[in-house]
Amino acid sequence: MDQTNYFIVLTGGPGVGKTTLINKIQKQGYRTVPEDARRIIKEQLDSNGDGLPWKNRQYYATLMLTASTNSFLHEIKKSATDPGYVFFDRGIPDTLAYIEMENLIIEESLLAEAKAHRYYKKIFILPPWQEIYETDNERKQTWEEAEATFNQMKNVYEQLGYEVVEIPKTTVEQRYQFILDALRSTDH
């Protein structure tokens with residue numbers, strides 16, 4: 001059994017309810033992997049570092065790619081003794097989308113390694129939802145940037161051969177059930 005067939009990615013632009021959905025999934029007893037972006041931004045702010053998307057996008061992207069790859073590899077090891085679904089709050093291709101959006105240059109070896117790590121063939125994407133969108137200290141994108149991010153992420157996942165499944169704009173409970181139903185309807 002290829003355990004990565006149980007590595008489920010939830011993605012989307014900023015402010016679409018993804019973290020709320022991940023928290024719901026975790027409360028239901030599933031293993032989840034938090035996104036690395038907020039942690040990196042917080043660490044960089046706390047240390048007065050410049051690995052921030054509004055300071056040094058190149059360094060930030062490298063930090064993100066390294067962190068998301070390490071999270072993936074950590075879950076591979078963990079799944080050897082604790083099998084089952086693992087829900088990722090963003091996947092490695094999210095960082096690849098950011099790199100493309102910002103026209104950044106990343107070491108080819110890092111890119112090749114990142115593209116080699118595969119999740120389950122279906123990824124779940126939350127569409128832009130203006131009624132719930134908010135900015136904060138770590139999320140500074142405008143609504144237009146949020147929409148562009150969604151489109152870029154969708155394109156990158158499709159280019160990498162993933163089936164992109166859009167999650168409806170509805171309650172967190174219905175979104176959770178939608179994902180479970182979609183996973184049950186396919187074989188692993």
Determine if the stretch 53-61 includes at least one residue that is loosely packed, with under 15 Cβ neighbours inside 10 Å, of a type in the set (A, V, I, L, M, F, W, C) and outside any helix (DSSP H, G or I). yes
Could you check the stretch 113-131 and list, in sequence order, the residues that are open to solvent by 30 Å² or more (accessible area, probe 1.4 Å) and aromatic (Phe, Trp, Tyr)? 129
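Right, residue 15: modelled with pLDDT under 85, of a type outside the set (A, V, I, L, M, F, W, C) and crowded, with 17+ Cβ neighbours inside 10 Å or not? Give the steps one after another, and end with the answer.
On the way: modelled with pLDDT under 85: yes; of a type outside the set (A, V, I, L, M, F, W, C): yes; crowded, with 17+ Cβ neighbours inside 10 Å: yes.
For residue 15, the condition - modelled with pLDDT under 85, of a type outside the set (A, V, I, L, M, F, W, C) and crowded, with 17+ Cβ neighbours inside 10 Å - is met.
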Could you check, for the stretch 115-134, whether at least one of its residues is at pLDDT below 80, under 27 Å from residue 186 (Cα atoms) and part of a helix (DSSP H, G or I)? yes
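To keep it simple, each residue is scored yes or no on (1) open to solvent by 30 Å² or more (accessible area, probe 1.4 Å); (2) part of a helix (DSSP H, G or I); (3) β-branched (Val, Ile, Thr).
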{"position": "11", "(1), (2), (3)": "no, no, yes"}
{"position": "19", "(1), (2), (3)": "yes, yes, yes"}
{"position": "32", "(1), (2), (3)": "no, no, yes"}
{"position": "39", "(1), (2), (3)": "yes, yes, no"}
Residue match in the stretch 87-96 (condition: open to solvent by 50 Å² or more (accessible area, probe 1.4 Å) and either assigned to a loop (DSSP other than H, G, I, E, B) or at pLDDT 90 or above (or both)): no
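Residues checked against (1) touching a helix residue (DSSP H, G or I) at 6+ places or on another chain (Cβ under 8 Å); (2) at pLDDT below 90:
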position: 24; (1), (2): yes, no
position: 34; (1), (2): yes, no
position: 37; (1), (2): yes, yes
position: 47; (1), (2): no, no
position: 50; (1), (2): yes, no
position: 71; (1), (2): yes, no
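Conditions tested, residue by residue: (1) open to solvent by 10 Å² or more (accessible area, probe 1.4 Å); (2) touching a strand residue (DSSP E or B) at 6+ places or on another chain (Cβ under 8 Å); (3) over 24 Å from residue 155 (Cα atoms); (4) of a type outside the set (Asp, Glu).
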site: 8; (1), (2), (3), (4): no, yes, no, yes
site: 26; (1), (2), (3), (4): yes, yes, yes, yes
site: 36; (1), (2), (3), (4): yes, no, no, no
site: 43; (1), (2), (3), (4): yes, no, yes, no
site: 51; (1), (2), (3), (4): no, no, yes, yes
site: 81; (1), (2), (3), (4): yes, no, yes, yes
site: 103; (1), (2), (3), (4): yes, no, no, yes
site: 107; (1), (2), (3), (4): yes, no, no, no
site: 111; (1), (2), (3), (4): yes, no, no, yes
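Of all residues in the stretch 157-175, which are open to solvent by 50 Å² or more (accessible area, probe 1.4 Å) and either hydroxyl-bearing (Ser, Thr, Tyr) or in a loop (DSSP other than H, G, I, E, B) (or both)? Even if it seems obvious, please write down each step before you answer.
First pass over the stretch 157-175, keeping only residues open to solvent by 50 Å² or more (accessible area, probe 1.4 Å): 158-159, 161, 163, 166, 168-169, 171-174.
Residues satisfying the conditions are 161, 168, 169, 171.
The values are calculated or read from the model by the stated rules, or taken from the named source; none is laboratory data. What you see is a predicted model; the values in this text were computed from it and never measured. Positions of Cβ are backbone-derived with ideal geometry, glycine not excepted, and every protein chain shown enters the neighbour counts. Calculation scope for accessible area: heavy atoms of the full protein, side chains included, ligands and nucleic acids excluded. Shrake-Rupley method; radii C 1.70, N 1.55, O 1.52, S 1.80 Å.
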